[in-house]
C-alpha cells in the first residue's frame, strides 16, 4: 500500500512531462489526459486514506524510502516520503480540489490555443504540491516548495503576451525567493544543530537544542511561510498574481499553494512549541495580515483582487492560530480545508462570471447577474455565506474555533488577538457582501468591451458548473462534518498535538459575538451598496480607501525601499566595473603603451646609429671590465 | 720583426673598419668595412697564436673566415635584392621596419 | 600500465592536427567532411573519457590509471598522468561538452555572406586565418583546446600541468579573436581583438606568476632532496613533514599558484576579462571558456593549492571566502544591470564561480563535494543557457536584450529550453545546480555562518537576473523584428536535449557523481587536516530517521 505514495506524485508528474514533450499530437485530448491523471492521483489518495483509517490512531503515519538523493559525507538527503494524518488531509484537499479545477479548466480554457501547456503546468503544480506535503525531510519539502513556485510562475504568466502577466509572474517568483531564502537558511541551521534535516531527527532533537537557535530556525521558517502564503511583509505578489487564468487563482492562489505556509508551521510544531518568541512573531504576522488583507479586500473593484485580499486575510487567520501552538494547529488546518472549498468555489464563480461577461473584471461593471447565471449565483452565494461565517456553514465552525483559540491565548495578548479576529470577521462580512451585492444584485452596469461588444451574460457549460456545485456542497457541509464530535481534531491530534486553552469567554459568548460582528458587517455593507445605486466610475474615496485600492501602498513602499536603491546600486556597480576595475587595467595598459611609444623614438631606422650604439656599448663594457680588473 | 707590431696594424685596421661602418651609407662599402674588421681580428688571432706558440688562434681564424664567407654570400644576396627593388644601395633608405 | 589516459589526451590532439590538415576550400562538401571528422574525433574522446570514469574505482587508490614517461630528466620532470575522482568527472564533462559545442557551432565558421564580413586587417586576428581555412581552423582549435584541458585534468606532474595550463591560451586566443559572433556591428572586429588580447594578457600574467611559484617550489623541494615535480610525491612528502616550507615561503608560493587559478576561474576582482571574452566570442566558444577552460582554474585550486600548501590554504581561506562572496553578489548585481545577453550570462557565471570557490575554501566535505558537483552542473546548465541564447542571437543578429520581445509566441520550443536554462541558472530544486549550490551553502554555513547567509542572497538575485532576462526577451508583445523567427531546428534540438536531460537527471539523481567525488574530497580534506564541524546536537539516538 505504501508504494502508492510515490505514485501520488508520479501520476501528475508523468502527465506534465507527457503533455510538455508530447507536442501538438496531444492537443486534442491532452486536457482530458491531465484531468484523468489528477483524478487518478485523487484515487490513490482515497485508497491510502481508507487504508489509513483501517489502522489505529497511533499507527497511521507511514513512510516510504525511495532512494538516496544527495549522499555526501555527513550529509544525507533522501527521497523519502511520510504520509500521516496531516499530509493525508492535504493530499485529499489538493487532489480533490485539483481534480475539480482541472475539470473546470476544460471548459474555461476551451478556446485557448495553448491549452495543452496549461494543463501540463496544472499537473506539474499538483505533483510539486503533493511532493511538498508528503516529503519526509525539509530538503525534499524545499523541492516541492520551489516546484509550486515554478508552477505558480508559469501559470500566472500563462498569458505571456500581456506584459502585466509576465511582470506579475516574475514578481511572484522573486518575492517567493526571498521566502525560500528563509527556508534554506532554516535547513542549514537545522543541519548545523542536528546534523540532519529529516523530520524525525529534527523534531526528536528539538528539545535538546538551545532556545535561541530554535527561535532562529522558527523565524526563518516564518519568513518562508510569509513568502509562500503572502503574509506581511512579503504579501505584495498575491494581488498581481490574479493576472493568471481564474482556475489558477482558485487552485493555487486560494485553495492550496498559498496555504503551504500554514502547513510548514504546523509541520514544524515541534520547533515552534519550544520557541515562544518565534511563535509571537507568527501570531503578529498573522494578525497584521488578517487586517491588511481585509482592508485591501474592501477597496478593490476587481473581483479577483477583492477575493485575493480576502485570501490573504483568511490565511492570516490560519497563521495566527497556528502561532498559538497546540491550542490552534488543528483549527488552522481545519480552516485551511474549509477555506479551500469555499474560496476555490468563490474563485470559480468569479471565473464563471467573467466568462459570461467578456472577461470583464471590474465589479462596478457587473450588477443584477443573478437572473442570468443562476447556478453561479447559488454556488457563489453558498460560498459567500460560508466565508462570512454564517451559522451552520463551513466557515462558521472553523472561524469560530479560531476566534475562540485567539481568546484562549490568555492575558492581554489574548484580548488583542481575539479583538483583531473579531474585527476581521466584520470586515470580511463587509467586503464579501459588497462583492455579492455589486455582482449579482442591483441594476445592470454592463459596459461594452474594448471591441464594443455588449456583454451577453450566460450560464457556463457543465464542465464548469459541476465543479462549482461540488465545491459549494463542500463549503456547506465540510465544517459541520469536521466539528461533529470534534472529529477533525481527533483525526489530527496524533500529529499536531492538542491543548485546551482557557478562554476568558465562554464558547457560546464567542459564537454570539462572532455572529453579531458578522451581521454588523453585512448590515453596513448593505447600507452602503445595497440600498443606494453604485456609481460605475469609482468615487474618489477617503485617503484610506485610496491607499487600500493601491494595496496600502505596498508597491510604493517596496519600490522606494528596495527597487530604487537596488537599481541605483546596480547602475553604480556597472559603472564601477567598466570604469573602476577595467579602467584601472586599461589605464595600466595605456601607461605602458605611452612609455613604450616614447622609447620607440630611439629606433630611428639608421643602421649607422644602431652600429654606433653597439660600438658605444662595447666600449662601455670593455672599459668597465678593465676598470673593475684594475681595482 | 716584433710580432707586437702586427697587433698595432690589426688595431689600426679594426678602427678603420669600425669608423667606416659608422660613417658610410653605401651598403657595399659598409660590407667591406665589416670584412675589414673581421680580417683585423683574424690578424690579431694569428699574431696571438704566434706569440703564445699554440694553434688555437689560427683555428679560430679559420672559423672566422668561414663565417665571413657565409656572411658575404647572404649579405650580398640581400643587398642585391634590395638594390633591385629600391634602386639604391644606401642603408638609410631601407627603414621599413621603423615604426 | 595501460595507456588509456594518454589515449584520451592523444586522440583529440591527433584529431586537431588531422582536422587542420584536411583539404582546404570553402565548398560545402569539404566543410562537411571537416566537421564530420572533428565531431567523430570528439565522440571517440567522449567514449575514452567515459571509459576512464567507468574504470575508476572510487574505493581504490587516490590516483589511478597512472602513467609516467620520462621527459626532462635533469629537472625530474616526467610526463605523468593519473586520475582522481574529481579529475575523471571533469574530464568527462569536457568530453561531453565538446561535441555539443561543435554541433552548436556547426555554421559559426562557415565563410560566405552569412559570415562576419570582417576583412583581414593587420590588427584584427581574422588575418591569421585565411577565409578558405576557417572551418578547418575552427574545429581544429576546439579539438586542441579539448586535448590540452584533458591533459590538465589528468596531469599529476606540476610542470606538465603548468605547460598545458598555459598552452591552452593559444588556441583559445585564436578562437576568441578569430571567430566572432555574427551579431557584432562594424566595431566588432576591434572589440573582438580587444577581448582576445585582454583574455590572453590576463591569463598570461596569472600564468607567469604561477611559473615563478612552480620554479620556487622546485628550488625549495630540491634543497630538501625532492628534485621532482611529481604531485603525489611532493604532497605526501609535505603531509609526512619530510618536506617543509618556511611560513613565508609557503604563503608566497600559495599566492603564486592561487593568483593564476583565480584569474582563470575567475575570482572577483580579477574577472573583467570574462565578460569581454564571452560577449565577443561565438556562443560555442563562450561555453568553452566558461564551462571547460575556467574549470581548470577551480580544479587546480582544489588539487594544487590545497594539496601542496595546506597551512597556507587554511590561513588564506577566510580572505578568499570574502572575495568569493563578494563575487557572488557582485556578479549577480552586474548581471541584473546588463543590456547584452551574453555579457549577462558571463556575469552570472562570475557569480557561480564565486560559489565554487567558496565551496572549495570552506574546507568542509559538503562544500568541496558541492563545489565539484557545481563545476559539472554549472558546465552543463550554462552550456544549455548560453547555447540557446546563441541560437536566439543568431536568428535576430543582435545581442541586445532590448531588441527582443515576445519570442515565446513565435518560437515556443526555443523559449521553453531557454526557460529551463534560466531555471537551472537560478538553481531551481529538481535541476542539477540546486544540489551543488545547496551543498556549497551548507558546507560554508557550518563553518562560517555569516558568509553563508550573505551568499544566500545570491539565490534571490539569481532569480532576478534570470527571470528579468526571460521576461524581457521571451514574453510580452511580439516585436516586429522577431516575427517569423523560426523555432529550434533538429540540429539545435540535438544540442539542447542532452543538456536538458543531464540537468534534470543530475538534479534528481546525482549519486553516480557524488560516489566518485566523495573519496577524492576526503583525501583533499585530510591533506589540509580539516574535519567537518560536528552538529551541536547530533541525532545519534534517533539515527533510524536517516537510514530508513
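Since every read-out is calculated from the coordinates, none of them should be taken as a lab result. Small disclaimer: the values here were computed from a predicted structure and weren't measured. Methodologically, a virtual Cβ is constructed for each residue, glycine included, from the backbone with ideal geometry; neighbour enumeration extends over all protein chains shown.
Between residue A:51 and residue A:619, the simple spin-label model (points 7 angstrom out along Cα→Cβ) gives 10.5 nm. Just to confirm the number: angle between the C-alpha axis of helix C:28-55 and the first principal axis of chain C, 0 to 90 degrees, nearest 10? Taking Cα atoms only, the helix is inclined about 20 degrees. Here the sum of -39500 (n - 2.57) over DSSP H runs of 4 or more residues, divided by the residues of chain B, equals -27500 deg cm²/dmol at 222 nm, to the nearest 500.
Our Cα-only numbers for the range A:488-631 put the radius of gyration and Dmax at 43.8, 123 Å. With no solvent and one equal point scatterer placed on each C-alpha of the range A:352-396, evaluate the Debye formula and give log10 I(q)/I(0) for q = 0.14, 0.25 Å⁻¹, two decimals. Relative scattering, expressed as log10 I(q)/I(0), comes to -0.40, -0.88.
Against the longest alpha carbon principal axis of chain C, how many degrees, from 0 to 90 and to the nearest 10, is the axis of helix C:85-104 turned? Taking Cα atoms only, the helix is inclined about 10 degrees.
Computed on the Cα atoms alone, the convex hull of chain A gives a volume of 264 cubic angstrom per residue. Dividing the helix sum by the residues of chain A, where each DSSP H run of 4 or more adds -39500 (n - 2.57), gives a mean residue ellipticity at 222 nm of -23000 deg cm²/dmol. Per-residue ellipticity at 222 nm from helix content only, as computed over chain C with -39500 (n - 2.57) for each DSSP H run of at least four residues, stands at -22500 deg cm²/dmol. Taking all Cα-Cα distances within the range A:387-510, those exceeding 25 Å account for 46%. Ordering B:88, B:10, A:313 from the fewest to the most neighbouring beta carbons within 10 Å gives B:88, B:10, A:313. When the inverse distances between all different Cα atoms of the range C:343-386 are averaged and flipped, the Kirkwood radius reads 10.5 angstrom. Take every pair of alpha-carbon atoms less than 8 Å apart whose residues are at least six positions apart; their mean separation over the length of chain C yields a relative contact order of 15 percent. Once you reduce the range C:497-540 and the range B:1-48 to the center of their Cα atoms, the two points are 78 Å from each other. Shielding by partners for peptide B:11-24, expressed as the average number of C-beta atoms from other protein chains within 10 Å of each residue's C-beta, is 2. Scattering from chain C was approximated by placing one identical point on each alpha carbon and applying the Debye formula without solvent; log10 I(q)/I(0) at 0.12 1/Å stands at -1.12. For the range C:299-392, the alpha carbon convex hull comes to 82 Å³ per residue, rounded to a whole number. Ordering C:204, A:512 by the number of other Cβ atoms within 10 Å of each residue's own Cβ, fewest first, gives A:512, C:204. Tell me whether the range A:269-368 comes out rounded, prolate or oblate; compute the Cα gyration tensor, take square roots of the eigenvalues as a ≥ b ≥ c, and use a/c under 1.5 as the rounded threshold. Note, shape of the range A:269-368 comes out prolate. As an equivalent ellipsoid, the protein assembly as shown spans semi-axes of 73, 34, 26 angstrom, where each value is the square root of five times an eigenvalue of the C-alpha gyration tensor, largest first. Cα axis of helix C:4-21 to longest principal axis of chain C: angle in degrees, 0 to 90, nearest 10? Helix C:4-21 sits at roughly 30 degrees to that axis. Note on the range C:310-532: Cα Rg divided by 2.2 N^0.38 Å, N the number of residues, gives 1.08. Ranked for footprinting exposure by Cβ neighbours inside 10 Å, fewest first, A:477, C:254 give A:477, C:254. Taking all Cα-Cα distances within the range A:1-151, those exceeding 28 Å account for 23%. Across chain B, how large is the tail of the calculated P(r) beyond 20 Å, expressed as a percent of all Cα pairs? Here the long-distance tail beyond 20 Å is 48 percent of all Cα pairs in chain B. Computed from Cα atoms alone, the Kirkwood hydrodynamic radius reported for the range C:378-454 is 14.2 Å. Extending each Cα 7 Å along its Cβ direction at residue A:25 and residue A:112, get the distance between those two points in nm, one decimal. Each label point lies 7 Å from its Cα, and together they span 2.5 nm. Using C-alpha pairs under 8 Å with a sequence gap of at least 6, the mean separation divided by the residue count of chain A gives a relative contact order of 12 percent. Building the convex hull from the alpha-carbon atoms of the range C:186-287 and averaging its projection over directions returns 8.0 nm².
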